[in-house]
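Could you have a look at this structure, given as structure tokens, before my questions?
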Amino acid sequence: MRAVVHDRYGPPDVLLLEEVERPVPQVDEVLVRVHATTVTRTDCHMRKASPFIWRFMLGLTRPKRRILGVEFAGVIETVGAAVSDFELGDRVFGLRNGAHAEYVCVREAGLIARMPAGMTFDEAAGVCDGMSQAAGHLREGGVETGTRLLVYGASGSCGTAAVQLARELGAHVTAVCNTKNVALVRSLGADEVIDYLQEDFTKKGQTYDVILDAVGKHSFFRSRHSLVPGGL
């Protein structure tokens, strides 16, 4: 099968398209033919091994894992003998390391699900990473009905997912983004939208139960006065 591989860290030029061995599913795995995948911010950090701390997980001098990619959408072509929830031909999407390849093996109990009817492979592949991150953050923050949540960086993968999930949970959502994305974020269900190019949410005098920085650009020190006592 073909896969995009890298044997050294660096810019996109280190990526090569090569023929590699097709993975063979274990008894509790399915083999998915990948129809769509993505390049996430995490993929870029891993490719560059930047910041340097990535090297302690990926390999100090060269990458241990040649194939990047996490998000995938495709069709099941082989089903392991112990698999009962999936069948040949199922259209599925999910998260699995090594998704920048024509095939990927995924455990039945792993992060994989059938695609909703009417969703394209391209649409499905782009959903998983941001949605899973957002769900984890909201769970950690105890977001529920009535929670006053502020999402900083609400127009990115994690941010757009957080806005939608929080609204489904019944939270009051204030979303922070730049001017060009205000309409998009409002269409996702945000109760309030703040354009950070026009105003600083920390100077509005409002407080929140939870502040989620979806892009890692707003420190706790800067935000602390915008949290209620005991807020996260």
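Check whether at least one residue in segment 90-101 is surrounded by 15 or more Cβ atoms within 10 Å (Cβ to Cβ), closer than 17 Å to V24 by Cβ and over 19 Å from the mean Cα position of the chain (by Cα), and report yes or no.
Looking through segment 90-101, none of the residues is surrounded by 15 or more Cβ atoms within 10 Å (Cβ to Cβ), closer than 17 Å to V24 by Cβ and over 19 Å from the mean Cα position of the chain (by Cα).
Here's a follow-up. Looking only at segment 176-215, how many residues end up being free of Cβ contacts under 8 Å to residues at least 12 places away in the same chain and within 24 Å of G136 (Cα to Cα)?
The qualifying residues number 2.
From the list G136, G118, which residue is free of Cβ contacts under 8 Å to residues at least 24 places away in the same chain, among the small types (G, A, S), in a loop (DSSP other than H, G, I, E, B) and loosely packed, with under 14 Cβ neighbours inside 10 Å?
Values: G136 fails: in a loop (DSSP other than H, G, I, E, B).
Among G136, G118, only G118 is free of Cβ contacts under 8 Å to residues at least 24 places away in the same chain, among the small types (G, A, S), in a loop (DSSP other than H, G, I, E, B) and loosely packed, with under 14 Cβ neighbours inside 10 Å.
Condition (residue is at pLDDT below 95, outside any loop (DSSP other than H, G, I, E, B) and closer than 25 Å to S219 by Cα) applied to segment 123-130: is it met by at least one residue?
Yes - at least one qualifying residue is present in segment 123-130.
Can you tell me which residues in segment 1-28 are of a type outside the set (A, V, I, L, M, F, W, C), in contact with a strand residue (DSSP E or B) (Cβ under 9 Å, 6 or more places away or on another chain) and either part of a loop (DSSP other than H, G, I, E, B) or more than 16 Å from G98 (Cα to Cα) (or both)? Working first, answer last.
Residues of segment 1-28 of a type outside the set (A, V, I, L, M, F, W, C): 2, 6-13, 18-19, 21-23, 25-26, 28.
Keeping just the survivors that are in contact with a strand residue (DSSP E or B) (Cβ under 9 Å, 6 or more places away or on another chain) gives 2, 6-7, 18-19, 22-23, 25-26, 28.
The answer is H6, D7, R22, P23, P25, Q26, D28.
Take V34 and decide whether it is hydrophobic (A, V, I, L, M, F, W, C) and surrounded by 13 or more Cβ atoms within 10 Å (Cβ to Cβ). So that I can check it myself, show each step before the final result.
Numbers: hydrophobic (A, V, I, L, M, F, W, C): yes; surrounded by 13 or more Cβ atoms within 10 Å (Cβ to Cβ): yes.
When the stated conditions are applied, V34 passes them.
Output the number of residues of segment 216-232 satisfying the condition of being loosely packed, with under 11 Cβ neighbours inside 10 Å and either closer than 20 Å to V143 by Cβ or in contact (Cβ under 8 Å) with a residue 40 or more places away in the chain (or both). So that I can check it myself, show each step before the final result.
Filtering segment 216-232 for residues loosely packed, with under 11 Cβ neighbours inside 10 Å gives 216-217, 219-221, 225, 229-230.
Among the residues that remain, those that are also either closer than 20 Å to V143 by Cβ or in contact (Cβ under 8 Å) with a residue 40 or more places away in the chain (or both) are: 216-217, 220, 229-230.
The qualifying residues number 5.
If you don't mind, there's one more thing I want to ask. Just for segment 39-73: of the residues that are touching a helix residue (DSSP H, G or I) at 6+ places or on another chain (Cβ under 7 Å) and among the small types (G, A, S), which one is nearest to A3 (Cα to Cα)?
In this case the residue turns out to be G69.
Give the residue, chosen from V185, V210, V193, that is outside the structural domain of L111 (by TED's automatic domain parsing), surrounded by 19 or more Cβ atoms within 10 Å (Cβ to Cβ) and within 19 Å of the chain's Cα centre (by Cα).
On the way: V210 fails: within 19 Å of the chain's Cα centre (by Cα); V193 fails: within 19 Å of the chain's Cα centre (by Cα).
Every option except V185 fails the conditions.
The values are calculated or read from the model by the stated rules, or taken from the named source; none is laboratory data. These numbers come from a predicted model, not from an experiment. Counting neighbours? That spans all protein chains shown, and the Cβs are built from the backbone with ideal geometry, glycine included.
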